[in-house]
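Inspection log for the structure reproduced underneath, given as structure tokens.
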Amino acid sequence: MQGLNFRYIISVVLLSVTGFASAEALQPDPAWQQGKLENGFSWQLLQTPQRPNDRVQLRLAIKTGSLTEKASEKGYSYLIPKMALYHQTDAFPAAVLQDFWRQAADPDMPIPPAVVSYDYTIYSLSLPNNKPELVKQALSWLATSVAGATYTETSLHNGLNIPNLPVATLPLDASDPVWRARLKGSAMMGYDPGQKVNDNIDLASVNSFYKKWYTPDVMTLYVAGHVDSRMLSDSISQTFSSLEGRRSEPVSVAVLSAVKPQSIDMLQDRQTKDTLSLIWDIDWLPINDSSVLLRYWGSDLAREAVYRSLQKTFNQKFSQDEVVPGLDCRVQYQKASCTLTITAPPEKMAAVTDVVLNELVTINQNGIAPELFDEMIKEKQVQLSQLFAAYARTSTDVLISQRLISQQNGVVDIAPEQYQSLRQVFLASQNLEQVNMDVRRLLSQEAAFVLAQPKEKQTMDAEQIRQKFSKALWPQSQPISPTEGDVVTQEQAIQLAPAAPTTK
């Protein structure tokens with residue numbers, strides 16, 4: 001469905017989840033093989049015989065990021081991956097390294113080879129299928145340049161001076177006003193994953209930081225592809241068992257603050273349309289038993305029902321594609337939130353805002369339409385009947401990325417068979433009354449309002465809109481003044497709509 005993208009998608013087999021009335025432990029998908037070396041280095045492997053032509057995906061996740069930096073070490077977490085990408089060794093001189101990177105990146109779906117965040121760093125390689133020697137070479141590069149390196153002055157020079165090194169950060173922009181609002185009151189404030197280092201940097205200090213935090217006991221290698229599991233497990237053991245070191249200090253866990261009712265205005269130079277975003281905090285617990293799953297899946301259905309009700313109303317009142325809604329739900333740093341976005345021409349946004357408010361009030365009072373409920377249940381039953389075919393079509397890069405998401409957020413990655421069983425019970429148990437209870441529970445929560453407008457066409461402000469919604473939906477709330485500094489002018493917008501739809 002266009003515009004509907006639930007970013008909180010744990011895996012293809014756990015698109016969203018349910019359970020039974022009594023708590024039942026979930027069983028991890030046995031298709032993912034796991035192992036651990038004596039030095040604490042862990043690995044997980046998913047063989048994909050159903051995708052023999054897919055590229056082999058490798059991800060090395062390390063529990064370290066910008067939260068480990070002292071004041072004198074600011075920027076080290078972002079610098080080290082840049083040094084690693086062009087770290088030359090006897091096994092990887094410049095020419096060999098250049099050829100390796102030519103093969104280790106997917107030209108059709110390029111992703112950054114390294115991503116740095118607050119409490120983790122992930123290195124990513126994508127290799128052509130049916131090249132076992134290249135897989136061994138990739139393991140060797142990870143072991144010598146990432147997991148067990150001693151960086152040189154040449155490595156430092158390359159990390160500091162080679163332009164446009166493909167190292168990304170999460171979040172993409174820590175100065176984004178919406179993200180900045182989420183950081184207030186959290187331990188993550190002031191620890192920008194993309195911070196640059198000071199000019200006078202000492203190599204010995206960088207290597208000391210690296211050896212302290214890049215230890216094998218906090219590393220996990222994920223592999224997904226059509227590979228020989230026995231040969232690969234032997235290669236992993238041979239390659240990584242010699243790594244030394246053990247974490248002596250824990251890394252602070254990155255935890256976002258809850259979404260607070262507030263208003264944020266964003267004025268942008270290159271934007272041509274207005275985008276209104278309503279952001280709700282979602283109750284979140286790690287999903288490891290059926291009682292938690294049941295609550296999540298029920299609220300998940302309610303959120304989609306609200307979105308689809310709005311979409312139908314827009315289609316009736318406005319021209320095709322004149323008003324574009326989107327729904328984006330995700331878990332980040334132990335907190336979950338949902339963002340409802342509506343993009344429209346500036347001259348239409350006032351009318352669109354009234355339509356959104358009236359529709360939400362109507363839904364809150366009367367519930368969703370029975371025919372919409374029936375339509376959603378039938379659609380999801382059809383999707384469930386196609387589960388195994390959809391799983392067989394899912395590419396290795398999606399499978400491994402979603403595995404990482406589940407691991408980061410404490411979600412048990414269940415097998416397709418268990419998912420199918422749980423989902424069947426859930427769909428059979430749903431009724432209109434229950435969905436409407438969850439809808440009203442969602443709409444009883446105050447939302448944060450973000451309004452992004454072209455700078456030269458500012459006609460509204462987010463606080464006026466928030467006050468109007470508060471009077472109609474949350475009359476018990478007290479007025480909250482806009483946060484100082486929340487009106488900004490910047491070129492980069494917040495994520496206004498999901499990049500691509502995802503089937504639920």
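What follows is calculated from the coordinates using simple rules that are stated; it is not laboratory data. If you're wondering where the values come from, they're calculated on a predicted model, not measured in any experiment. Neighbour counts are summed over all protein chains in view; Cβ atoms, including those assigned to glycine, are modelled from backbone coordinates with ideal geometry.
In Å and on Cα atoms, what radius of gyration and Dmax does the stretch 158-255 show?
Reported Rg and Dmax, both Å: 18.1, 49.
Using only alpha carbon pairs under 8 Å that are at least six residues apart, calculate the relative contact order of the chain and give it in whole percent.
Details: 905 pairs, mean separation 146.5, N = 504.
Worked out over the chain, it gives 29 percent.
Report the gain in length on full extension from Asp202 to Gln458: 0.36 nm times residue separation, minus Cα-Cα distance, nm rounded to one decimal. Walk me through the numbers on the way to the answer.
Working: separation 256, 0.36 × 256 = 92.16 nm, distance 4.80 nm.
Once the chain is fully extended between Asp202 and Gln458, it gains 87.4 nm.
Once fully extended, how much extra length lies between Glu417 and Glu153, figured as 0.36 nm per residue of separation less the alpha-carbon to alpha-carbon distance? Mind showing how you got there, number by number?
Values: separation 264, 0.36 × 264 = 95.04 nm, distance 5.28 nm.
Gain on stretching Glu417 to Glu153: 89.8 nm.
Give the calculated FRET efficiency between Glu379 and Val253 to the nearest 0.05, with a Förster radius of 22 Å applied to their Cβ-Cβ distance. Let's see the in-between values first.
Values: r = 38 Å, r/R0 = 1.72.
Computed FRET efficiency for Glu379 and Val253: 0.05.
Go through the stretch 356-366 residue by residue and turn each phi into a ³J(HN,Hα) via Karplus (6.51, -1.76, 1.60, θ = phi - 60°); whole Hz please, and just put x for glycine and proline.
Here the 3J(HN,Hα) series is 4, 4, 4, 5, 5, 5, 4, 4, 4, 7, 10 Hz.
Just how far, in whole angstrom, is the stretch 392-432 from the stretch 81-99 if you go by their alpha carbon centroids?
38 Å
Provide Rg and Dmax in Å for the stretch 263-489, with only Cα atoms included in the calculation.
Expressed in Å, the Cα Rg and Dmax of the stretch 263-489 come to 19.2, 55.
If I fit a long axis through the Cα atoms of helix 76-85 and take the longest principal axis of the Cα atoms of the chain, what angle between them do I get, 0 to 90°, rounded to 10?
Long axis of 76-85 versus the principal axis of the chain: about 60 degrees.
Amide H neighbours of Val227 under 5 Å, counting only residues 5+ apart in sequence or on other chains, H built in-plane at 1.01 Å?
It is Thr48, by chain and number.
Put a dot 7 Å past each Cα toward the Cβ at Lys312 and Glu371; how far apart are the dots in nm?
Placing both labels 7 Å along Cα→Cβ, they lie 0.7 nm apart.
List the residues, sorted by chain then number, that are 5 or more residues from Lys335 or on another chain and whose placed amide H is less than 5 Å from its amide H.
Distant-sequence amide H within range of Lys335: Leu256.
Which whole-number percentage describes the relative contact order of the stretch 263-489, with Cα contacts under 8 Å and a sequence gap of 6 or more?
On the way: 272 pairs, mean separation 100.2, N = 227.
About 44 percent, as a whole number.
Quick check of the Kirkwood formula: for the chain, what is the inverse mean of 1/r over all pairs of different Cα atoms, in Å?
Working: mean 1/r = 0.0406 Å⁻¹.
For the chain, inverting the mean 1/r across all distinct Cα pairs yields 24.6 Å.
For the stretch 454-467, in order, what is each residue's ³J(HN,Hα) by Karplus, 6.51 cos²θ - 1.76 cosθ + 1.60 with θ = phi - 60°, in whole Hz (x at glycine and Pro)?
Once θ is set to phi - 60°, the couplings for the stretch 454-467 become x, 4, 7, 10, 6, 10, 9, 9, 5, 5, 4, 5, 4, 5 Hz.
Using Stokes-Einstein with the Kirkwood hydrodynamic radius over Cα pairs, what translational diffusion coefficient do you get for the stretch 32-80 at 4 °C and a viscosity of 1.567 mPa s, in µm²/s rounded to a whole number?
Working: Rh = 14.2 Å.
Using the Kirkwood radius from Cα pairs, D works out to 92 µm²/s.
Could you calculate the contour length gain from Arg230 to Glu433, that is, 0.36 nm times the residue separation minus the distance between their Cα atoms, to one decimal place in nm?
Values: separation 203, 0.36 × 203 = 73.08 nm, distance 5.21 nm.
Gain in length upon complete extension: 67.9 nm.
With a Förster radius of 25 Å, plug the Cβ-Cβ distance of Ala94 and Lys131 into 1/(1 + (r/R0)^6) and report the FRET value to the nearest 0.05.
Here the calculated transfer efficiency is 0.70.
Report the FRET efficiency, 1/(1 + (r/R0)^6), for Ala71 and Gln50, where r is their Cβ-Cβ distance and R0 is 45 Å, rounded to 0.05. Kindly include the intermediate steps, with their values, before the conclusion.
On the way: r = 50 Å, r/R0 = 1.12.
After rounding to 0.05, the efficiency reads 0.35.
Extending each Cα 7 Å along its Cβ direction at Ser241 and Thr272, get the distance between those two points in nm, one decimal.
6.1 nm
Skipping prolines and chain starts, which residues have an amide H placed within reach, meaning under 5 Å, of the one on Thr169, given they are 5 or more residues away or on another chain?
Counting only residues 5 or more places away or on other chains, the set is Val116.
Cα-Cα pairs above 22 Å in the stretch 28-171: how many percent?
Numbers: 4418 of 10296 pairs.
I get 43 percent for the Cα pairs in the stretch 28-171 exceeding 22 Å.
Using the Karplus curve 6.51 cos²θ - 1.76 cosθ + 1.60 with θ = phi - 60°, what ³J(HN,Hα) values do you get for each residue of the stretch 384-396, in whole Hz, with x for Gly and Pro?
5, 5, 9, 4, 5, 5, 5, 5, 5, 8, 6, 6, 5
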